[in-house]
1. Would you check the chain for Lys pairs whose C-alpha atoms are within less than 16 Å, ignoring same-chain pairs closer than 8 in sequence, and give me the count?
2. Just order 121-128, 171-178 by mean Cβ neighbour count inside 10 Å, highest at the front, would you?
3. Accessible area per residue for the chain in Å², computed with a 1.4 Å probe and the full protein assembly in place, what is it?
4. How large, in percent, is the carbon and sulfur part of the accessible surface of the chain at a probe radius of 1.4 Å?
5. Loop-only check: which trypsin sites (Lys or Arg not before Pro) in the range 43-139 are DSSP coil with at most 13 other Cβ within 10 angstrom?
6. Taking only DSSP H segments of four or more residues, each worth -39500 (n - 2.57), what value at 222 nm results for the chain once the sum is divided by all its residues, to the nearest 500 deg cm²/dmol?
7. Mind checking the range 67-99 for GluC sites (Glu not before Pro) that DSSP puts in a loop (not H, G, I, E or B) and that have at most 14 other Cβ atoms within 10 Å?
8. If you compute P(r) over Cα pairs in 10 Å bins from 0, in percent for the structure shown, which of (i) 8, 36, 39, 16, 1, 0; (ii) 7, 26, 23, 17, 15, 10, 2, 0; (iii) 8, 33, 37, 19, 3, 0 do you land on?
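The values are calculated or read from the model by the stated rules, or taken from the named source; none is laboratory data. On a predicted model such as this, the values are computed, not experimentally measured, just so you know. Cβ placement follows ideal geometry from the backbone for every residue including glycine, while neighbour counts extend to all protein chains displayed. Accessible surface areas use protein heavy atoms only, side chains included; no ligands, DNA or RNA. Shrake-Rupley method; radii C 1.70, N 1.55, O 1.52, S 1.80 Å.
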Amino acid sequence: MCGNNMSAPLPAVVPAARKATAAVIFLHGLGDTGHGWAEAFAGIRIPHVKYIFPHALNMPVTLNMNLSMPSWFDIYGLSPESKEDESGIKMASERIKAMIDQEVKNGIPSHRIILGGFSQGGALSLYTALTTQQKLAGVVALSCWLPLRKTFPQECASSSNKEMHVLQCHGDADPLVPFAFGSSTAEMMKTLISPSNYTFKSYRGLPHSTCPEEIVDIKHFIANQLPPLGDE
């Protein structure tokens, strides 16, 4: 997948402290792996939630002089007018949908699963949530944008997630994915899902990164959308 026939390494996992009745699948950004985010989320773990951090396959990335690195899909440029890797985005999205299906087979219903990601991973999480028939608990989208935005709302006309809750976060000093991209994504998303379920948070002085305040906001969102079941 994603322009590469190699098998992806097994995801990094932060297991639930007790029986898992909910899950978070979180996708890293370009050139990264899931390990760093696994460490970040380990500090905000909720006992009944399993955290899964897949790794993207290595592939040449046009934006970075065709150097091979972990990437969910190819990136040609960072402007709104840049060509997009439609086939790669769709292939990567199918991979994430298969991961959701696997967790459902493991006993966690899709409506108890939050999908999320940072930068390229956040973009893929938004696209996947809007195009899947799997009803999700919500999405955490950090420092990202909505890919293939010109094909919406057609692609999500039958989406099961028009009422899903979304937490979108963006630093106002981001030099790579400008804050304006984040705010315009938020405005478009509010036309695709219930605007009352959409939260867009900005962080003063934050570059293309995360911060303790953002991590705490993520924990509160997860706790609200994935509460313990009655017998927990």
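1. 14
2. Working: 121-128: 28.1, 171-178: 17.0.
By packing density, highest mean first, the sequence is 121-128, 171-178.
3. Numbers: 10130 Å² over 232 residues.
So the chain comes to 44 Å² accessible per residue, rounded to a whole number.
4. Details: 5730 of 10130 Å².
In the chain, the share of accessible area belonging to carbon and sulfur is 57 percent.
5. Values: sites: Arg45, Lys50, Lys83, Lys90, Arg95, Lys97, Lys105, Arg112, Lys135; in loops: Arg45, Lys83, Lys135.
The qualifying sites are Lys83.
6. Numbers: 5 runs with 68 residues, N = 232.
Roughly -9500 deg cm²/dmol at 222 nm, from the helical runs in the chain.
7. Glu81
8. Answer label, from the structure shown: (i).
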